[in-house]
1. Report every pair of residues separated by at least 6 positions or lying on different chains whose Cβ atoms are under 6 Å apart, first residue within segment 82-97 and in contact (Cβ under 8 Å) with a residue 24 or more places away in the chain, second outside any helix (DSSP H, G or I).
2. With acidic (Asp, Glu), within 17 Å of Trp94 (Cβ to Cβ), surrounded by 13 or more Cβ atoms within 10 Å (Cβ to Cβ) and modelled with pLDDT under 95 as the only criterion, which of Asp72, Asp12, Asp25 stands out?
3. Within segment 72-101, work out how many residues are over 27 Å from Asp28 (Cα atoms) and of a type in the set (Gly, Ala, Ser).
4. In segment 42-70, what residues are of a type in the set (Gly, Ala, Ser) and either more than 21 Å from Trp5 (Cβ to Cβ) or in contact with a His (Cβ under 6 Å, 6 or more places away or on another chain) (or both)?
5. Would you mention how many residues in segment 40-67 are among the acidic types (Asp, Glu), open to solvent by 60 Å² or more (accessible area, probe 1.4 Å) and under 16 Å from Phe11 (Cα atoms)?
6. On the given criteria, is Thr3 of a type in the set (Val, Ile, Thr) and open to solvent by 90 Å² or more (accessible area, probe 1.4 Å)?
7. Kindly indicate which of Arg37, Arg96 is at pLDDT 95 or above, at negative phi and either open to solvent by 30 Å² or more (accessible area, probe 1.4 Å) or part of a loop (DSSP other than H, G, I, E, B) (or both).
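The values are calculated or read from the model by the stated rules, or taken from the named source; none is laboratory data. Just so it is clear, the model here is predicted, and its values are computed rather than measured. Note that each Cβ is placed from the backbone with ideal geometry, even for glycine, and that neighbours are counted across all protein chains shown. With ligands, DNA and RNA removed, areas are computed over all heavy atoms of the protein, side chains included. Shrake-Rupley method; radii C 1.70, N 1.55, O 1.52, S 1.80 Å.
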Amino acid sequence: MLTEWHKFVEFDYALYILGGGTVPDGVDPLTVEEWQRLRSGGLAKIPTREEIRRFLQKHGLMTAERDGYLADYEYYRTPKSQRRPEVWKGRMEWGRLGKNR
């Protein structure tokens, strides 16, 4: 049961780092397609921290804040606990992706 729980937590990390359910602002259609591909695997193919980082950097969407979320995501994968529980609790407020955000 805990294995499934941890999978959902990792899915949430990927989902919210990539802006939740909102399409990124100020990007071209090809970037949106790439964003959709990252998110289309569901629980069976959760994007890794490295995949998300490459996407964010490639499209100029990386911020110091998102870099911190990526570090939290990577940390979670080993001990299966939160590095910054107070930040994790606010994940639904991490905001959408966009140029100059």
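1. These pairs meet every condition: Arg96/Gly19; Arg96/Thr22; Leu97/Gly19; Leu97/Pro24; Leu97/Leu61.
2. Asp25
3. Counting residues in segment 72-101 that are over 27 Å from Asp28 (Cα atoms) and of a type in the set (Gly, Ala, Ser) gives 2.
4. Those that are of a type in the set (Gly, Ala, Ser) and either more than 21 Å from Trp5 (Cβ to Cβ) or in contact with a His (Cβ under 6 Å, 6 or more places away or on another chain) (or both): Gly60, Ala64, Gly68.
5. Of segment 40-67, the ones among the acidic types (Asp, Glu) are 50-51, 65, 67.
Pick out the ones that are also open to solvent by 60 Å² or more (accessible area, probe 1.4 Å) and you get 50, 65, 67.
Now narrow it down to the ones that are under 16 Å from Phe11 (Cα atoms): 50.
Adding up the residues that qualify gives 1.
6. Yes.
7. Residue meeting the stated conditions: Arg37.
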